[in-house]
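Visitor: Could you have a look at this structure, given as structure tokens, before my questions?
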Amino acid sequence: MNMDTPTNLQNRPQRSGLGRYWRIYTALWKNSVTREMGFKTNFLMWILVEVLWFALQLSFVGVLYLHTDAIGTWTKWQVVFLIGASHFIQQIFQAFFLVNCTNLSELVRNGKLDFLLMLPVNSRFVVSLRQVDLGAFVNAAWAVAVMVYAGSRLGMEPSLLQLLGFSVLCLAGALVHYSLMFLLATISFWTVRAQGIVWGYYNLFQIARMPDEAFTGAFRIVFTFAIPMLLVSNVPVRVVTGKLEEPWLVLLVLVMSAVCVGVSEWGWRTSLKHYTSASS
């Protein structure tokens with residue numbers, strides 16, 4: 001008889017590690033592709049809407065710079081690069097997290113969260129990543145194209161280190177947005193419907209498209225440190241364009257992303273302790 005000894009159990013492949021979660025996430029991607037392809041017209045329409053909105057933002061900059069040569073120290077093509085970068089960060093966040101954060105309130109209300117909590121996986125993982133917005137990747141590609149064009153107009157030749165720093169900071173920015181929106185979404189455990197609060201935060205993304213030097217006083221402080229819209233978009237651009245005069249801001253973005261993840265995890269666990277399920 002083949003007995004499972006402690007040694008044998010230790011030598012067996014562990015199905016609870018990263019490989020298992022990768023397989024789960026791959027399955028979630030397949031489901032998202034199937035869902036999107038089932039409504040192709042809706043998929044294409046949302047891409048078109050995002051492209052038109054992005055073009056409108058760029059047109060606004062063009063009109064703005066008909067009346068000025070610079071906003072602070074930011075020239076026209078630097079601001080265009082900033083808009084591209086902020087749009088890129090927004091679309092990466094939207095691709096992975098937006099739909100899931102906004103749907104948390106509905107999961108609590110209709111009781112479907114009960115089923116997700118019963119799954120043998122980390123509850124935050126499945127709640128945060130169960131749907132993917134594929135159209136956002138297309139829109140992120142448009143943002144990259146705008147940044148490349150703006151960079152060529154600026155004559156930029158960023159080093160590999162600058163490009164790496166820019167990429168890491170963009171991902172950290174997307175993580176900050178996800179953590180804060182996820183934290184706001186957990187309010188639904190007490191109020192049931194929190195979509196208004198969540199979408200309110202999303203609408204603040206428009207502030208990130210402007211240079212930080214355009215704002216002063218309390219407004220700039222709030223949207224740099226309390227609600228870091230300006231911080232997570234301006235710092236990556238300053239790094240790649242050589243405008244970074246305060247290197248400590250890079251560390252601040254990275255530390256803030258870690259702190260936001262930790263606080264949102266605390267908020268999630270605290271909310272679950274107060275959750276009594278839809279059937280109670």
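The values are calculated or read from the model by the stated rules, or taken from the named source; none is laboratory data. In this text, all values refer to a predicted model and were calculated from it rather than measured experimentally. Every residue, glycine as well, gets a Cβ built from its backbone with ideal geometry; the counts of neighbours run over all protein chains shown.
Visitor: Quick check on my filter: what residues within region 131-180 are among the charged types (D, E, K, R) and within 17 Å of VAL51 (Cα to Cα)? Show your work before the answer.
Guide: Just the residues of region 131-180 that are among the charged types (D, E, K, R), to begin with: 133, 153, 157.
Residue satisfying the conditions is ASP133 alone.
Visitor: Which one of these is over 23 Å from VAL239 (Cβ atoms) and assigned to a helix (DSSP H, G or I): LEU44, LEU82?
Guide: Values: LEU82 fails: over 23 Å from VAL239 (Cβ atoms).
The unique qualifying residue is LEU44.
Visitor: Is it true that some residue in region 258-265 is closer than 22 Å to TRP74 by Cα and buried (at least 16 other Cβ atoms within 10 Å of the Cβ)? Quick ask: steps written out before the conclusion?
Guide: First, the residues of region 258-265 that are closer than 22 Å to TRP74 by Cα: none.
So far as region 258-265 goes, no, none of its residues is closer than 22 Å to TRP74 by Cα and buried (at least 16 other Cβ atoms within 10 Å of the Cβ).
Visitor: In the list PHE225, PHE205, which residue meets the criterion of being modelled with pLDDT of 85 or more, within 14 Å of the chain's Cα centre (by Cα), among the hydrophobic types (A, V, I, L, M, F, W, C) and closer than 24 Å to LEU244 by Cβ?
Guide: Details: PHE225 fails: within 14 Å of the chain's Cα centre (by Cα).
The match here is PHE205.
Visitor: Filter region 35-54 for residues that are aliphatic (A, V, I, L, M) and either within 21 Å of the chain's Cα centre (by Cα) or on the phi > 0 side of the Ramachandran plot (or both) and give the result. Don't jump to the end; show me each part of the working.
Guide: Pass one, region 35-54, residues aliphatic (A, V, I, L, M): 37, 44-45, 47-49, 51-52.
Result: ILE47, LEU48, VAL49, VAL51, LEU52.
Visitor: Here is a follow-up. Report whether or not GLY173 is farther than 19 Å from ARG124 by Cα and either among the hydroxyl-bearing types (Ser, Thr, Tyr) or touching a residue at least 60 places away in the same chain (Cβ under 8 Å) (or both). Steps first, answer last, please.
Guide: Numbers: farther than 19 Å from ARG124 by Cα: yes; either among the hydroxyl-bearing types (Ser, Thr, Tyr) or touching a residue at least 60 places away in the same chain (Cβ under 8 Å) (or both): yes.
Here the answer is yes, as GLY173 does meet what is asked.
Visitor: Of the numbered conditions (1) in a helix (DSSP H, G or I); (2) over 25 Å from the mean Cα position of the chain (by Cα); (3) of a type in the set (Val, Ile, Thr), VAL61 satisfies every one except a single condition; which is it?
Guide: Tallying (1) in a helix (DSSP H, G or I); (2) over 25 Å from the mean Cα position of the chain (by Cα); (3) of a type in the set (Val, Ile, Thr), VAL61 fails exactly one: (2).
Visitor: Out of the residues in region 231-251 meeting the condition of being in a loop (DSSP other than H, G, I, E, B) and not small (Gly, Ala, Ser), tell me which one is surrounded by the most Cβ atoms within 10 Å (Cβ to Cβ).
Guide: So the first thing to find is which residues in region 231-251 are in a loop (DSSP other than H, G, I, E, B), and the list is 242-247.
Okay, now just the ones that are also not small (Gly, Ala, Ser), so 243-247.
Numbers: LYS243: 15, LEU244: 18, GLU245: 8, GLU246: 9, PRO247: 9.
Here the answer is LEU244.
Visitor: When you go through ALA218, ALA150, ALA214 one by one, which is the residue that is among the small types (Gly, Ala, Ser), within 29 Å of GLY62 (Cα to Cα) and in contact with a strand residue (DSSP E or B) (Cβ under 8 Å, 6 or more places away or on another chain)? Let's see the steps before the verdict.
Guide: On the way: ALA218 fails: in contact with a strand residue (DSSP E or B) (Cβ under 8 Å, 6 or more places away or on another chain); ALA150 fails: in contact with a strand residue (DSSP E or B) (Cβ under 8 Å, 6 or more places away or on another chain).
When all the criteria are applied, what remains is ALA214.
Visitor: Quick one: is LEU254 of a type outside the set (Val, Ile, Thr) and either in a loop (DSSP other than H, G, I, E, B) or without any contact (Cβ under 8 Å) to a residue 60 or more places away in the chain (or both)?
Guide: no
Listed here are the residues, each with its yes/no results for (1) surrounded by 11 or more Cβ atoms within 10 Å (Cβ to Cβ); (2) more than 26 Å from VAL99 (Cα to Cα); (3) touching a residue at least 12 places away in the same chain (Cβ under 8 Å); (4) out of contact with any strand residue (DSSP E or B) (no Cβ under 6 Å at 6 or more places or on another chain).
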position: ILE24; (1), (2), (3), (4): yes, no, yes, yes
position: VAL33; (1), (2), (3), (4): yes, no, yes, yes
position: THR41; (1), (2), (3), (4): no, no, no, yes
position: TRP46; (1), (2), (3), (4): yes, no, yes, yes
position: GLU50; (1), (2), (3), (4): yes, no, yes, yes
position: TRP53; (1), (2), (3), (4): yes, no, no, yes
position: GLN57; (1), (2), (3), (4): yes, no, yes, yes
position: TYR65; (1), (2), (3), (4): yes, yes, yes, yes
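Visitor: I would also like to ask the following. Which members of region 42-59 meet the condition of being of a type outside the set (A, V, I, L, M, F, W, C), under 28 Å from PRO211 (Cβ atoms) and modelled with pLDDT under 90?
Guide: So in region 42-59, the residues of a type outside the set (A, V, I, L, M, F, W, C) come out as 42, 50, 57, 59.
Checking the rest, the ones that are also under 28 Å from PRO211 (Cβ atoms) come to 50, 57, 59.
Those that are of a type outside the set (A, V, I, L, M, F, W, C), under 28 Å from PRO211 (Cβ atoms) and modelled with pLDDT under 90: GLU50, GLN57.
Visitor: Is at least one residue of region 215-227 closer than 25 Å to THR68 by Cβ, buried (at least 19 other Cβ atoms within 10 Å of the Cβ) and in contact with a helix residue (DSSP H, G or I) (Cβ under 7 Å, 6 or more places away or on another chain)?
Guide: Yes; the residues of region 215-227 include at least one that is closer than 25 Å to THR68 by Cβ, buried (at least 19 other Cβ atoms within 10 Å of the Cβ) and in contact with a helix residue (DSSP H, G or I) (Cβ under 7 Å, 6 or more places away or on another chain).
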